[in-house]
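Asks: Structure below; questions to follow.
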Amino acid sequence: MTLPRIRPLWIVLILLLAAAVFALTRPREADVAIAQKRALTQSVVATGRAATPARIELGSQVTAIVTAVTVRESDRVARGQALVKLKSADAQAAVEQARAALAEAQARARQLDSVAEPVAVQALRQAEANLRVARAELERAQQLVAQGFFSPSKLDDARRNHDNALAAAASARAQRESNRSGGTERVAAQARVSQAQAALEAAHARLALLSLAAPADSVVLTREVEPGDVAQAGKVLLTLAETGETRIYATVDEKNLRHLKNGATAQAVADAFPGQSFRAELYYIAPGVDALRGTVEVRLRVPEPPAFLRPDMTVSVEMIVGQREDALVLPADAVRDADGAEPWVLLADEGNARHQPVKLGLRGVGLIEVTGGLSEGAQAILPTAPVVEGDRVRARPPREKSTAGIKSIPQGMTGR
């Protein structure tokens, strides 16, 4: 009597069990990305500022009145060109006075050759002649006194004359030696000439301080002085930017340091002129890392800077660190643990989800190169699919993603 009531329940249970088995064994739809070959470029994007080889702040070393300023902002100036002139009448007079003193010292030095030395030579000859006469008279007086012809007082006079002649000859000889090359008069005269030359150079140096010239070919950035102003010592009057090789100073995240090498080419774009890119080249990577920001400073040279590029202008730089024409690529989100030691993909293989280790290469914006573990055409299941390893799957190509809303590329790794 109870069988008719139990049979419908069993039928329901069997149907439910069949439905569950069918649901469990039915392949799950999964979005997949297909590995395909294409050109891939890996780059590092950074933001920095344009810079000149040097920034020069020109100021006066003395306090003086400004009489002329010959340049204004944006003017290009040549090395040695006078830019600011200060009142210099007193300094010019000091130069003339020092020049006259030098001329006097040089004239005195020449006088030694033309007058003093010949006079000393003749005086020495005369003194030696007088000494010979006095010596002969002394000898004659000694003989005559001994013979009784002269009194002893006559001998005393002859001896005194001889001693005076001897002293005069010694004095003339000393004077002659002092006028010789290397003598005291010559040394003193040369010292006076050197002292006068040094005084003239010092006067010229003081005069030079009153005319401020460009130390190098430059562009005037700022002008902080006008004629009539009093230039204070140490105060900046003009700021110059040295012309020459234009550079870009930028910072990149330290995680990208392993990708950077000197000589890497780059494309730069000034924020003020976004449609006009220009070429740059990486030439310097800082040896240290900024611990607070986790960044590394890099410098790039601009071989052919555009006319619009100015010092301190904000510039975005894309440094090319890797290129391959036929890279096997997948969307970056298709690779699991891409930054780990063992990256892998969930592969749709003959209707089954299978764990597949892979090796990675270049990385770009939304793309990553697979250098090992996959072949062209392989289907990698995207993480958005509710599929785990061992599930049966039915591959479904993903929909194309729109890029219309992308405005800019943030700092970091890029590619295309």
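The values are calculated or read from the model by the stated rules, or taken from the named source; none is laboratory data. Computed from a predicted structure; not experimentally measured. Glycine also receives a Cβ, built like all others from the backbone with ideal geometry; neighbour counts cover every protein chain displayed.
Asks: Can you name the residue in the range 334-364 that is touching a residue at least 60 places away in the same chain (Cβ under 8 Å) and either over 16 Å from residue 391 (Cβ atoms) or not assigned by TED's automatic domain parsing to the domain that holds residue 35 (or both) and is also surrounded by the most Cβ atoms within 10 Å (Cβ to Cβ) among such residues?
Replies: Taking the range 334-364 first, the residues touching a residue at least 60 places away in the same chain (Cβ under 8 Å) are 334, 348, 351, 353, 362-364.
In the following step, the residues that additionally are either over 16 Å from residue 391 (Cβ atoms) or not assigned by TED's automatic domain parsing to the domain that holds residue 35 (or both) were identified as 334, 362-364.
Values: 334: 26, 362: 21, 363: 23, 364: 20.
Once the filter is applied, the top-ranked residue is 334.
Asks: Considering only the range 334-374, how many residues are more than 49 Å from the chain's Cα centre (by Cα) and either under 26 Å from residue 319 (Cα atoms) or outside any strand (DSSP E or B) (or both)?
Replies: Here the count works out to 2.
Asks: When only residues in the range 374-416 that are among the basic types (Lys, Arg) and out of contact with any Ser or Thr (no Cβ under 9 Å at 6 or more places or on another chain) count, which is modelled with the lowest pLDDT?
Replies: Our first condition is that a residue be among the basic types (Lys, Arg); within the range 374-416, this holds for 392, 394, 396, 399, 401, 407, 416.
Those still in the list that are out of contact with any Ser or Thr (no Cβ under 9 Å at 6 or more places or on another chain) too: 394, 396, 399, 401, 407.
Working: 394: 83, 396: 79, 399: 60, 401: 48, 407: 33.
Filtering the range 374-416 for residues that are among the basic types (Lys, Arg) and out of contact with any Ser or Thr (no Cβ under 9 Å at 6 or more places or on another chain), the one modelled with the lowest pLDDT comes out as 407.
Asks: Just to verify a result, which residue in the range 39-55, among those that are surrounded by fewer than 17 Cβ atoms within 10 Å (Cβ to Cβ) and in a strand (DSSP E or B), is modelled with the lowest pLDDT? Don't jump to the end; show me each part of the working.
Replies: Of all residues in the range 39-55, those surrounded by fewer than 17 Cβ atoms within 10 Å (Cβ to Cβ) come to 39, 47, 49, 53-55.
Checking the rest, the ones that are also in a strand (DSSP E or B) come to 39, 47, 49, 55.
Working: 39: 91, 47: 92, 49: 94, 55: 82.
Per the stated criteria, the residue is 55.
Every residue, every condition in (1) modelled with pLDDT under 90; (2) within 24 Å of the chain's Cα centre (by Cα); (3) part of a loop (DSSP other than H, G, I, E, B), yes or no:
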| position | (1), (2), (3) |
| --- | --- |
| 215 | no, yes, yes |
| 222 | no, yes, no |
| 234 | yes, yes, yes |
| 244 | yes, yes, yes |
| 248 | no, yes, no |
| 255 | yes, no, no |
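Asks: Can residue 6 be described as farther than 30 Å from residue 324 by Cβ and either at pLDDT below 90 or assigned to a helix (DSSP H, G or I) (or both)? Outline the logic, then answer.
Replies: Numbers: farther than 30 Å from residue 324 by Cβ: yes; either at pLDDT below 90 or assigned to a helix (DSSP H, G or I) (or both): yes.
Taking the combined requirement at face value, the residue satisfies it.
Asks: Scanning the range 280-317 for residues that are among the acidic types (Asp, Glu) and touching a residue at least 24 places away in the same chain (Cβ under 8 Å), which turns out farthest from residue 75 (Cα to Cα)?
Replies: 290
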